[in-house]
Amino acid sequence: SFYYGTFPAGFLWGVGSSAYQTEGAWDKDGKGPSIWDAFTHKKGKVFRNETGDSACDGYYKVKDDIELLKELKVNHYLFSISWPRIMPTGIKTEQLNEKGIQFYNDTINSLLENNIIPIVSLYHWDLPQVLQEKYGGWQNISMINYFNDYANLCFEKFGDRVKHWITFSNPWAVAEKGYETGEHAPGLKLGGGGAYKAAHHIIKTHAKVWHSYNNKWRSKQQGMVGISLTSSWGEPVDPHSQTDRDAAERYIQFHLGWFANPIYRGDYPEIMKNYVGRKSAQQGLGTSRLPTFSVQEKTYIKGTSDFLGIGHFTTRYAIQKSFPFLQVSSYHTDRELAELVDPKWPAPGPNWLYSVPWGFRRLLNFIKTQYGNPLIYVTENGVSEKVQCTQLCDEWRIEYLKGYINEILKALNDGVNVKGYTAWSLLDKFEWNKGFSERFGFYHIDFENKNKPRYPKASVDYYKKIISANGFPNPREVENWYQKAMDACSTTRQLLATDSLITHMEMVTEIVLPTVFTLCILISIVLLIFYLRNH
């Protein structure tokens, strides 16, 4: 049932985005190539071979996008720094790019001038390509020191103004999609151990960066360093069945626990160690494909998070499933489970993102009991649409936000320590291997138009009302918000239609008229030659 009430005073409302998905300017002003530049430039890796080369042109539109943030009336903006933009090769001793550093300085200063708190992620997947080519990226332990150098540079240059740092955004996807399935950059399919090895190095890197901040910067900068973990909720198909409950437990431990357990409890979840260890032994391997932490490493890693960032989009039912014995096991077969969905769940956009708000409250309560009720910031939550045509009246996004935000309110009443919410995302943007076919934005972008204009969807108006009211005060007021949001999007739709017409007319002016003019000149020349030859 829906719960009417408001959030505690001081609760932070915001929106997010990431560097590669929005900035564009992939090779401008001294920026080095990232693994996503290399990956998208290979044919067949991304839907329609689209790239983030120009993306939303966010590099050139900081001022415009800050106006959008002001329109939304958010308290904070979560964005990521592109490592190769400020350190082209990823190696501090080789080269720094002052123009890149200046770009982020200007962004941070503009946000603060407009009373918007910057929450900064150091890594949203765009590893410098040089580090991938030279060392194999996150497969190599040397990444720990290179990343720590990069993080310290960011603390040095921006830490006097940035007080909320995220080391990694959704490292699960970096490890599993980058080094196991190959769906994401760097596109490696390393089978049984690739994802585990990448994750192992990422966890150690996170801990090193936290200790660096703690030892060197915290006393003078007074900021916080955390990590952002994205996880779905896993629900047993039959809550009375022990095997289903165990499968759901494995689902969440192999997803969230893989990273959260070492940070909050000092080691990988027991269930992960048991299952991967047993499968490795069955394969005849001498050691588990899941690496181990030494006693010193466990102590060093435990407690290295001042807050936990949580990304959450959807829920799955989990059920026990044994896979036939395979010589090459993988992360997915190690879990021994199948994921199911309820056909009645709404799926407004892509076939993976079902709207299941109640799963969010359960996930938040799981975190509270498992990890000692840590300070939580929701760092990503939102829904996309599949683009067939421009959809500005996004009532499904309004329903999704209303449902999911309401579950956070319920979780707060359960005693969960949530301090802020970040809706995903500010703009329609480049969605990794899906290209521009999925749109998460509050603002629609016309990517056909060279100026990349932004248009507010109905959800802008609705989210703004939630922020102003700090929650859901009463049924009558909340019902009223919906109608006002729909009215607002009708006006925007007319504006977009007019702009599209003007764009097409400009195209006609730019392409057709010069062509016709050139043809006229050529015909005139031919006729003139013909006339002169006859005389």
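The values are calculated or read from the model by the stated rules, or taken from the named source; none is laboratory data. Computed from a predicted structure; not experimentally measured. Counting neighbours? That spans all protein chains shown, and the Cβs are built from the backbone with ideal geometry, glycine included. Calculation scope for accessible area: heavy atoms of the full protein, side chains included, ligands and nucleic acids excluded. Shrake-Rupley method; radii C 1.70, N 1.55, O 1.52, S 1.80 Å.
For helix 194-212, report the angle its Cα long axis makes with the longest principal axis of the Cα atoms of the chain; keep it between 0 and 90° and round to the nearest 10°.
Approximately 90 degrees, to the nearest 10.
Can you list residues from other chains, or at least 5 along the same chain, whose modelled amide H is less than 5 Å from the amide H of ILE166?
When sequence neighbours closer than 5 places are left aside, the close amide H contacts are VAL120, SER121, LEU122, GLY226.
Give the calculated FRET efficiency between VAL341 and SER468 to the nearest 0.05, with a Förster radius of 41 Å applied to their Cβ-Cβ distance.
0.75
Projecting each Cα onto the charge dipole of the chain (Lys/Arg +1, Asp/Glu -1 at the beta carbon, about the Cα centre), which of ASN145, PHE47, ASN451 comes out farthest on the positive side?
ASN145
Report CYS393's accessible area, 1.4 Å probe, all protein chains in place, as a number in Å² to the nearest 10.
Surface accessible to solvent at CYS393 totals approximately 30 Å².
What 222 nm value per residue comes from the helices of the chain, counting each DSSP H run with n ≥ 4 as -39,500 (n - 2.57) and dividing by all residues, nearest 500 deg cm²/dmol?
-14000 deg cm²/dmol
How large is the charge dipole for segment 357-445, taken about the Cα centre, if only the Cβ atoms of Lys, Arg (+1) and Asp, Glu (-1) carry charge, to the nearest 20 debye?
Charge dipole of segment 357-445: 280 debye, to the nearest 20.
Students often get this wrong: which residues of segment 229-268 have the backbone nitrogen under 14 Å from the point 7 angstrom along Cα-to-C-beta of LYS298?
261-268
Which is farthest toward the positive dipole end of the chain among PHE259, HIS184, HIS312, measuring Cα position about the Cα centre, with Cβ charges +1 (Lys, Arg) and -1 (Asp, Glu)?
So the residue furthest toward the plus end is PHE259.
At 7 Å along Cα-to-Cβ for each site, give me the label-to-label distance between SER219 and HIS240 in nm.
Label at SER219, label at HIS240, 6.1 nm between them.
Going toward the positive end of the dipole of the chain, with +1 on Lys and Arg Cβ and -1 on Asp and Glu Cβ, which of GLY286, SER425, SER524 do you reach last?
Looking along the dipole axis, the top candidate is GLY286.
So between SER322 and ASP149, what do we pick up on full extension, going 0.36 nm a residue minus the alpha carbon distance?
57.9 nm
List the aspartates and glutamates whose alpha-carbon lies under 15 Å from that of LYS298, not counting same-chain residues fewer than 8 positions away?
LYS298 reaches ASP267, GLU270.
Give LYS157/LYS216; LYS42/LYS279; LYS92/LYS134; LYS208/LYS434; LYS177/LYS386; LYS157/LYS177 a once-over and call out the pairs whose C-alpha atoms are over 25 Å from each other.
In this structure, LYS42/LYS279; LYS208/LYS434; LYS157/LYS177 exceed 25 Å between Cα atoms.
Spelling out what I want: for every residue of segment 53-63, take phi, set θ = phi - 60°, compute 6.51 cos²θ - 1.76 cosθ + 1.60 (Karplus), and round to whole Hz; glycine and proline get x.
For segment 53-63, the Karplus curve yields 3, 10, 6, 9, 6, x, 4, 9, 10, 4, 4 Hz.
What spacing in nm lies between the two simple spin-label points modelled at TYR531 and ASP487, each 7 Å away from Cα in the Cβ direction?
Result for the modelled spin labels: 6.5 nm.
What does the charge count around VAL416 come to, taking other residues whose C-beta lies under 15 Å from its C-beta (Lys +1, Arg +1, Asp -1, Glu -1)?
Net local charge, VAL416 excluded: +3.
Could you derive backbone 3J(HN,Hα) for segment 80-96 from the dihedral phi with the Karplus parameters 6.51, -1.76 and 1.60 (θ = phi - 60°), listing whole Hz in sequence and x where the residue is Gly or Pro?
Those phi angles translate into 10, 8, 7, 3, x, 6, 9, 9, x, 9, x, 10, 4, 6, 7, 6, 10 Hz.
Within segment 126-141, find all residues whose amide N lies under 12 Å from a label point positioned 7 Å from the Cα of HIS41 along Cα-to-beta-carbon.
Output list for this probe position: 129-130.
At q = 0.10 Å⁻¹, what is the log10 ratio I(q)/I(0) for the chain, with the Debye formula run over Cα points and no solvent?
One equal scatterer on each Cα of the chain leads to -0.82.
Hand me the GluC sites (Glu not before Pro) from segment 14-82 located in a DSSP loop with no more than 10 other Cβ atoms within 10 Å, in residue order please.
In loop regions of segment 14-82 (DSSP not H, G, I, E or B), there are no sparsely surrounded GluC sites (Glu not before Pro).
How far is helix 458-469 tilted, in degrees, relative to the longest principal axis of the Cα atoms in the chain, given as a value from 0 to 90 rounded to the nearest 10?
50 degrees
Determine the gain in length on full extension of the stretch PHE517-ALA281; use 0.36 nm per residue of separation and subtract their C-alpha separation, reporting nm with one decimal.
Full extension from PHE517 to ALA281 adds 77.4 nm.
Note down the magnitude of the dipole of the chain about its Cα centre, charges +1 on Lys and Arg C-beta and -1 on Asp and Glu C-beta and zero elsewhere, to the nearest 20 debye.
980 debye
Starting at the first residue of segment 247-259, write each ³J(HN,Hα) from the Karplus equation 6.51 cos²θ - 1.76 cosθ + 1.60 with θ = phi - 60°, in whole Hz, x for Gly and Pro.
5, 5, 4, 5, 4, 6, 6, 6, 9, 6, x, 3, 9
Going through segment 323-398, which trypsin sites (Lys or Arg not before Pro) have at most 14 other Cβ atoms within 10 Å and a DSSP loop state?
Qualifying residues, ordered by number: LYS344.
In Å², what does the accessible area per residue of segment 5-473 work out to with a 1.4 Å probe?
It amounts to 35 Å² per residue over segment 5-473.
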